[in-house]
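The values are calculated or read from the model by the stated rules, or taken from the named source; none is laboratory data. Every value quoted in this text rests on a predicted model; they were computed, and no experiment measured them. Methodologically, a virtual Cβ is constructed for each residue, glycine included, from the backbone with ideal geometry; neighbour enumeration extends over all protein chains shown.
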Amino acid sequence: MAEVRRSLWIDAPPEVVHRQFTDPARIAAWAGCGADLDPRPGGIYRLDMGRAGVFAGRFVTVTPGLIVQEVGVPGQAPSRIEIVLAAEAGGTRLTLTHSGLPDGVGAMAGRGWDHHLARLAVAAAGGAPAGDSLCVRPLTPDGGRL
Amino acid sequence: MGQVTPAPDPRGDRFRALGDPTRRGILALIADDERPAGQIAAAFAMTRPGVSRHLRILREAGLVRVRARGTTRLYRADTEALADMARFFARFWDDGLARLKHAAQAEARGDG
């Protein structure tokens, strides 16, 4: 199945980064239009992503350095979100892995698909944010909000 | 375990449409070659009503295009729609992590 992996350094302590994932008000600011959650193992996780729909699942693990969630889609195995937080250079190294995603594209074969997937790999590695982002307003170049 | 409840939006229909392994197989078959429904049914040893139902779901989700050639209807995968789906989660995290970094850094500075 398909997978998204990202790694970035944040100029903030790990506990500040951690609460961006476990506090509903903070999640709503970066991920979507509304969040409902109980950040404990087995606790619910519900993210209202506006016109993209509602994603819901459960927390599996919540420790200072690791957050794991499972989000399910009817008829498929759940996808898994793993967030690793480690102190680094006075800030935090965040490593995200979102695995078990629908593999509709990955299952394709043929020259046409190789071409498409190659373009996607370039875009995903360094491309600009999409123009049709979710309901959250985009950041301005200096990091402010429009 | 949880579930996705899609808003009335093609993107949600696309995820549901791809949730079926037979439909994923059909899309792989017609990713590069357009084919009539009878050939698709034969490739999967499926009845015509069965394949027609899958093709209808895929068309309504915007994942399959059809064109007429005489009296024959030819089906092919909409590769741009599939590519758009592949970008969805990558875009979600790229946008989201950029905002998260901005918010966490502002909070750490004391002006979040």
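Restricted to the stretch A:21-31, and to residues there that are farther than 16 Å from B:GLN105 by Cβ and crowded, with 21+ Cβ neighbours inside 10 Å, the residue that is nearest to the other protein chains (Cβ to nearest Cβ) is A:ALA31. Restricted to the stretch A:1-20, and to residues there that are at the interface with chain B (Cβ under 8 Å from one of its Cβ atoms) and in a helix (DSSP H, G or I), the residue that is surrounded by the fewest Cβ atoms within 10 Å (Cβ to Cβ) is A:VAL16.
I'd like to know if the stretch A:76-84 contains one or more residues that are at pLDDT 95 or above and touching a helix residue (DSSP H, G or I) at 6+ places or on another chain (Cβ under 7 Å). Yes, that holds for at least one residue. Hey, does the stretch B:17-29 have a residue that's hydroxyl-bearing (Ser, Thr, Tyr) and either assigned to a helix (DSSP H, G or I) or at pLDDT 80 or above (or both)? Scanning the stretch B:17-29, I find at least one residue that is hydroxyl-bearing (Ser, Thr, Tyr) and either assigned to a helix (DSSP H, G or I) or at pLDDT 80 or above (or both), so the answer is yes.
Taken together, the criteria exclude B:ARG48 from residues that are basic (Lys, Arg) and touching a residue at least 40 places away in the same chain (Cβ under 8 Å).
Would you pick out the residues in the stretch A:16-31 that are out of contact with any Ser or Thr (no Cβ under 9 Å at 6 or more places or on another chain) and not small (Gly, Ala, Ser)?
Within the stretch A:16-31, A:ARG19, A:GLN20, A:PHE21, A:THR22, A:ASP23, A:PRO24, A:ARG26, A:ILE27, A:TRP30 qualify.
Taking the criterion of being of a type in the set (D, E, K, R), out of contact with any Lys or Arg (no Cβ under 8 Å at 6 or more places or on another chain) and at pLDDT 85 or above, the residues of the stretch B:86-106 that qualify are B:ARG91, B:ASP95, B:ARG99, B:LYS101.
Of the residues examined, A:PRO64 is one that is loosely packed, with under 14 Cβ neighbours inside 10 Å and more than 16 Å from the chain's Cα centre (by Cα).
In the set A:GLY106, A:GLY42, A:GLY57, only one residue is modelled with pLDDT of 85 or more, touching a strand residue (DSSP E or B) at 6+ places or on another chain (Cβ under 8 Å) and not in a strand (DSSP E or B); that residue is A:GLY42.
Let's see how each residue does on (1) exposed (fewer than 15 other Cβ atoms within 10 Å of the Cβ); (2) within 12 Å of chain A (Cβ to nearest Cβ); (3) at pLDDT 95 or above:
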position	(1), (2), (3)
B:ILE40	no, no, yes
B:VAL51	no, no, yes
B:LEU55	no, no, yes
B:GLY62	no, no, no
B:ASP84	no, yes, no
B:ALA108	no, yes, yes
B:ASP111	yes, yes, no
